[in-house]
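Peer 1: Okay, here's the structure, questions in a sec.
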C-alpha cells in the first residue's frame, strides 16, 4: 500500500510517502503559520523523491487535531481534496496518537500538548492501545489521570506539554517533540480499515474568538 501522510496540526508542515514497509520520502519544515503555502509544495517534492505519482497512491493520511485551529484545517482541506480527486480513502489520525507513535515506546506512552491557559491535551496508550480518549484537561487533573492510568514499567511522555507532567512518573522519558513524525502518521493510517466517511477536525475545546453580539 502506498500512503502519503499530511500533518499541519502543530509546529511544522510534514509529509511522508510510505510504500508498504519502505519509507520512500519525508519532508518536514518547522513553522507555526503559513502551512497553506508549503504543504502542496512539500507533497509534490516528497512524491517526486519517492518516484510515486499521486495517481499511484492508495491512501492519504492526515492529522485531525488537536492542534492549531487554522493549521489542522489546512491539512484536512488539502488531504481531503487530494483524496477526492484521486478517489482514494482519506484516513484521519489524531495528533496525540501520532506523537505517542513517533518514539520507540512499546509500552506506556502519553501524547501531551501544551494547550496554554493552564491546560494540556492528553491521551495515554499502553502497547499502542488507547487507555483514554483524547481530552483537554487542567494540568492538575491531567496529572491525576496520568497517575491513575500508569501501572508501572518504562514510560515516555511525548509532546510540547510533556515537561508539565514530568513529575508524575519519576524516571519517565520526556520527549518534547514539537510535531509528530510523518512516517508514524502514515503507518497508523495504513494499519486501519478504510473509513466510511471523510475525517473531521478534532476540537477538544472551543476557539478563543467569538462572534460579536448582534
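Peer 1: Cut-off 17 Å, label point 7 angstrom out along Cα-to-Cβ of residue 166: give me the residues of segment 88-112 whose amide nitrogen falls inside.
Peer 2: 110-112
Peer 1: Another question, if that's okay. How would segment 84-214 be classified by its alpha-carbon gyration tensor: rounded, prolate or oblate, with rounded meaning a/c under 1.5 and the a/b versus b/c comparison settling the rest?
Peer 2: Note, shape of segment 84-214 comes out oblate.
Peer 1: Rg and Dmax of segment 103-175, using alpha carbons, in Å: what are they?
Peer 2: 10.7, 32
Peer 1: Relative contact order for the chain: what is it in percent, counting Cα pairs under 8 Å that are at least 6 residues apart?
Peer 2: It rounds to 22 percent for the chain.
Peer 1: Additional query: How do 117, 132 line up, fewest other C-beta atoms within 10 Å first?
Peer 2: Fewest-to-most Cβ neighbours within 10 Å comes out as 117, 132.
Peer 1: A further question on this structure: Among the DSSP beta bridges whose two residues both lie in the chain, what percent are antiparallel, rounded to the nearest 5?
Peer 2: Restricted to the chain, the bridges split so that about 65 percent are antiparallel.
Peer 1: Taking the number of other C-beta atoms within 10 Å as the exposure measure, put 108, 54 in order starting with the fewest.
Peer 2: 54, 108
Peer 1: Per-residue ellipticity at 222 nm for the chain, helices alone: DSSP H runs ≥ 4 residues times -39500 (n - 2.57), over residue total, nearest 500 deg cm²/dmol?
Peer 2: Result for the chain: -8500 deg cm²/dmol, rounded to the nearest 500.
Peer 1: In what order do 121, 150 fall by count of nearby beta-carbon atoms within 10 Å, going from fewest to most?
Peer 2: If I rank by nearby Cβ atoms, fewest first, I get 150, 121.
Peer 1: Also: Given a cut-off of under 8 Å on Cα pairs at least six residues apart, what relative contact order in percent is computed for segment 21-114?
Peer 2: The normalised contact order for segment 21-114 reaches 25 percent.
Peer 1: Per q in 0.12, 0.23, 0.24 1/Å, what log10 I(q)/I(0) does a Debye calculation on the alpha-carbon atoms of segment 1-95 return?
Peer 2: -0.31, -1.15, -1.24
A short reminder: the numbers here are calculations on the coordinates, not readings from a lab. Here the structure is a predicted model, which is why all the values come from computation and not from measurement. No Cβ is skipped: glycine too gets one built from the backbone with ideal geometry, and neighbour counts run over all protein chains shown.
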